[in-house]
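Report on one structure; see the data block that follows.
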Amino acid sequence: MSLLYLTEQGSKLSKSGDRLIVRSPDGELRLEIECRHVEAVLIFGNVQFTTQACVEMLSHGIEMALLTLSGKLHGQLTPPRPKNIDLRLRQYQIGAASEEHPEALALAREMIAGKIEGAVSVLRGTLKNYPDDALRRMAADLEAAAARALAAPDMATLRGVEGAAARAYFGALAACCRGELVMQGRSSRPPLDPMNALLSFGYTLLGFEIAALIDAVGLDPYIGFFHSERHGRPALALDLLEEFRHPCVDRFCLTLNNQRVLKNADFQQAPDDDFAQQPPPAAPAPAPAPPAQPSGLNRVCPSQAGSEVVFVPADPSVREVSISAPPAPAPSGFRLTPPALKVFLARWNAHLNQPQAHVPGAPPRSWRQVLRAQVERLAASVRSGAPYHSFIRSGPSTTSTAPNPSTPSTLSTPSALSNPSTPSTPSTFEAEP
């Protein structure tokens, strides 16, 4: 996937013909590239763009995402694609009744089992270089939790298993941090330490790519099987993201930390408000004083013929609209400094494109190849009803048979995972419970 990251604050994206043009705040040319070479544009913070550039990108099938400097996704602009109606109808039939539908439960079991086994792979990777009995026991406990996820009789039980496993894993992940960046469990919205800031940022970037792939194969990113539907939340993208959080994002962030590519000095603490950091614009010329208005009200003017901007109230009788008090300042969290952000993005893109042996016995593939194949596998499963297997459990050396839910488990139950009755907090791209 060819991505264009725009991070220079105050820069501008425009177009000339079928080329995208990026200029610095003072007008210096930064980049000129044909649209056919770009698949997605990710804009961080206060970067300007023209309507003409947006239309040109849409006409070439280019996705555009708007993010804060700390990686929170504001939203995205998606080009229209032919929709596979039969596939989406099948998805809606399963997803609309996900709490009771057996196919939704089967899909969710595999995704969560894959997520937990991905967590095991991260811990075992650390154990190769840093033997630790407590970490080894936690890896074994999580393997047992993955088996319980596959045997979960209902969604409530599955969510409890997933929540308990996530809390235990993030407690163990702190012991895997060997560089300057330390973490005290998982925090998000805002991330309370640099390591959590890296994790949240990585989850957002990966979630955007997964959502784009899901939409491209004809599935609806907003109808999931494990995550419940909520306005504006891409539930299916979050479902599939679960399998890749730990082996793809967490391991990458640990590498940046443990190899001391990023240090505490590469982070800053600030509210997640990109525009609060910008210098104020030059003061405009004084304008005539407006007519006096009642305090707290904004006058809605009737639309004028020939006006450049027309606002039409839903209720024609409305002439005044209340103005709510400004929101309270967002709490401060950590985010990368501008130079460190560029380092992260360059290494992240290389990480996703580098062929690796993800599953023993399988040929090396890049993460982007794995993501595309997994989205296609999910679409095929939804379409045909065939069993779905998480990517980490689909290799030639892994088994894909779930335990019989009616058979009592003989696995030992660790104290940290023994009470999975409390489900985890629903995730967003940037937030893992």
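The values are calculated or read from the model by the stated rules, or taken from the named source; none is laboratory data. Being a predicted model, the structure only gives us computed values, none of them experimental. Positions of Cβ are generated from backbone atoms using ideal geometry, with glycine treated the same way; all protein chains shown enter the neighbour counts.
Here are the numbers for the structure shown:
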| quantity | calculated |
| --- | --- |
| Selected residue (criterion: surrounded by the fewest Cβ atoms within 10 Å (Cβ to Cβ)) from residues of the range 335-369 that are under 18 Å from the mean Cα position of the chain (by Cα) and either outside the structural domain of Leu206 (by TED's automatic domain parsing) or part of a strand (DSSP E or B) (or both) | Leu336 |
| So Arg81, is it in a helix (DSSP H, G or I), of a type in the set (Lys, Arg) and either in contact (Cβ under 8 Å) with a residue 40 or more places away in the chain or touching a Lys or Arg at 6+ places or on another chain (Cβ under 9 Å) (or both) | no |
| Exclusive hit being small (Gly, Ala, Ser), outside the structural domain of Leu336 (by TED's automatic domain parsing) and in a strand (DSSP E or B), set Gly27, Gly75, Gly10 | Gly75 |
| Count - residues of the range 378-398 that are farther than 18 Å from Arg245 by Cβ, modelled with pLDDT of 90 or more and either of a type in the set (Gly, Ala, Ser) or part of a helix (DSSP H, G or I) (or both) | 8 |
| Where a residue in the range 126-150 is farther than 11 Å from Ala113 by Cβ and in the same structural domain as Arg109 (by TED's automatic domain parsing) and its partner, wherever it lies, is modelled with pLDDT under 95 and assigned to a loop (DSSP other than H, G, I, E, B), with Cβ under 6 Å and at least six apart | Asp141/Pro414; Ala144/Leu411 |
